[in-house]
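Only one structure is covered here, and it is reproduced in the block below.
Throughout, read-outs are computed from the coordinates displayed, never taken from laboratory work. This one's a predicted model, so the numbers in the text were calculated from it and none came from an experiment. Counting neighbours? That spans all protein chains shown, and the Cβs are built from the backbone with ideal geometry, glycine included.
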Amino acid sequence: MALTFDKSIAFHKEAVEMIPGGVNSPVRAFRSVDMNPIYVKEAQGAKVVDVDGNPYIDYIGSWGPLIIGHAHPQVVKRIEQALHRGTSFGLPTELEIEMAREVTKRMPSVDVVRMVNSGTEATMSALRLARAYTGRSRILKFVGSYHGHSDGLLIRAGSGVATLGLPDSPGVPKEVAQYTMTVPYNNAESFTKVMEQYGNDVAAVIVEPIAGNMGVVPPLPGFLQTLREITEKYGTVLIFDEVMTGYRVDYYSAQGLYQVTPDLTTMGKVIGGGLPVGAYGGRREIMELVAPQGSVYQAGTLSGNPLAMAAGLATLEQLTEEAYQKLERAAAKLAEGIIQSGQETKIPVQINRVGSMVGLFFSDQPVTNYQQALQSNNDLFLKYYQQMVNEGILLAPSQYEGMFVSTAHTDEMIEQTVAIIRRVFKKLATE
Ligand code: PMP
């Protein structure tokens, strides 16, 4: 029986009158799957209940932060303890030191870290710092990557061989866009060529070490190593944007997993445990330029907020080596189930997975970059998505987003999810 969404529909009707598109972040509008947004009532562990009372197994996980599930008792407890002491002081607290200790321990490339309030702030600040450190203006990013919505990062590739960027949104001046160069992800050759021409002017190369905003696209063997070697050669700052991958794919994040050491790292999501957080950090020599130690200005009324620090610390505490093994097993089981369902029904499906990030593309070709991701079948995704929601599986409403598995996903939930995927694939195969 189809689910009903009467309350979600009524809420949205009111919301669109007062909030752009009815939502405070565009993808929540569910436009790419042609649906009304689902309004949440509450969530616990891996389960979400919407305002109409429909229960779901959730693979959105707030787009990454909730790696130990919703409302984890330890997170709730730590937030509560902090809450009663006051929500914000504009003065330092011990929690910030605890967080810095944890971050520098788990990311050996990070000697010094500054907390901010979002991933967007983290990448924007890291780029400013890299420009100050090098005295250069240009930056380089990869096509299909997302690093937040600051002007210089909302850039698409220019046409033809031109690698200079064009604004991806009205309101971004072309004068700003021209400093951002873009090359295809996973293409070491084209990266090297661009750096041969422009390297001495490039302040920073910013990369998602595992691309997570074009679906899940892991780095090809040697790709990240090439970025490291070439940036070193030209004195360019290498920034790993680990806002999504940080503390998710491995105890030591993507940089530990692939054994490549960036100069700076941007973080967010998991280290906020579901509260607003970002951070950037790296080599002492570079970070020393940040104010007030140095002269690169960057500040925040709520930065290092005690509730966010408490939630993040409680989350990191749960993320032991064993927790990552558990995530690996659960996500592998999910991925295998999808692959088998594809084989049984002859639905062409590609699964890209690193740890608990699971990407699904309806395509018969491997997906290693944005161009290939775009070639996957969106009509099929739309049908799949709507049926999955109706069966009680909550996925990100876009083929270009992964599924996030949490430690709260039990074996039984994964089995249930796979059984539903198999059923939905069978239906899709006969339509
Ligand atoms: N970098 C990456 C890799 C991200 O995935 C995101 C958000 N999905 C951001 C930066 C921006 O973070 P925020 O939404 O917290 O500003």
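Charged side chains reduced to their Cβ positions (Lys and Arg at +1, Asp and Glu at -1) give region 73-318 a dipole of some 120 debye around its Cα centre. Projecting the Cα atoms of Y247, A279, N305 onto the charge dipole of region 230-305 (Cβ charges, centred on the Cα centre) puts N305 farthest toward the positive pole. Nearest 5 percent is fine: what portion of the DSSP beta bridges confined to region 73-318 is antiparallel? If I count the DSSP bridges inside region 73-318, around 45 percent turn out antiparallel.
As a proxy for reagent exposure, H12, H149 were ordered by neighbouring Cβ count within 10 angstrom, fewest first; the result is H149, H12.
Evaluating 6.51 cos²θ - 1.76 cosθ + 1.60 at θ = phi - 60° for every residue in region 113-126, the Karplus couplings come out as 9, 10, 7, 9, 10, 7, x, 4, 4, 5, 5, 4, 6, 5 Hz, glycine and proline recorded as x. Peptides 74-86, 118-130, 307-319, 44-56 ranked from most to least packed give 118-130, 307-319, 44-56, 74-86, packing being the mean of other C-beta atoms within 10 angstrom over each peptide's residues. Please work out the C-alpha center-to-center distance from region 27-84 to region 86-117 and express it in whole Å. Each part reduced to its Cα centre gives a spacing of 25 Å. Counting charges near P262 (Lys, Arg +1; Asp, Glu -1) among other residues having Cβ under 12 Å from its Cβ returns a value of -3.
For the chain, the relative contact order works out to 21 percent when only alpha carbon pairs closer than 8 Å and six or more residues apart are counted. Summary value for region 50-190: 15 percent relative contact order, contacts being C-alpha pairs under 8 angstrom separated by 6+ residues. Taking every DSSP beta bridge that has both ends in the chain, the antiparallel portion is near 60%. Using only side-chain charges placed at the Cβ, +1 for Lys and Arg and -1 for Asp and Glu, the dipole size of the chain relative to its Cα centre rounds to 240 debye. Highest mean packing first, where packing is the average number of other Cβ atoms within 10 Å per residue, the peptides 347-354, 105-112, 267-274 line up as 267-274, 347-354, 105-112.
Residues whose amide H comes within less than 5 Å of that of R136, counting only those at least five positions distant or on another chain, are absent (H built at 1.01 Å from N in the peptide plane).
Judged by the mean number of other Cβ atoms found within 10 Å, the most tightly packed of the peptides 182-189, 212-219, 93-100 leads the ranking 212-219, 182-189, 93-100.
For region 194-281, the relative contact order works out to 26 percent when only alpha carbon pairs closer than 8 Å and six or more residues apart are counted. Taken one residue at a time, the phi angles of region 307-316 give Karplus couplings (6.51, -1.76, 1.60, θ = phi - 60°) of 5, 5, 5, 5, 5, x, 5, 4, 5, 4 Hz. Gly and Pro are set to x.
For D241, the residues whose amide H sits under 5 Å from its own are V207, E208, T266, ignoring neighbours fewer than 5 places away on the same chain, with H placed 1.01 Å from N.
When the charge dipole of the chain is built from unit charges on Cβ atoms (+1 for Lys and Arg, -1 for Asp and Glu) and taken about the Cα centre, the candidate among Q387, Y59, P397 whose Cα reaches farthest toward its positive end is P397.
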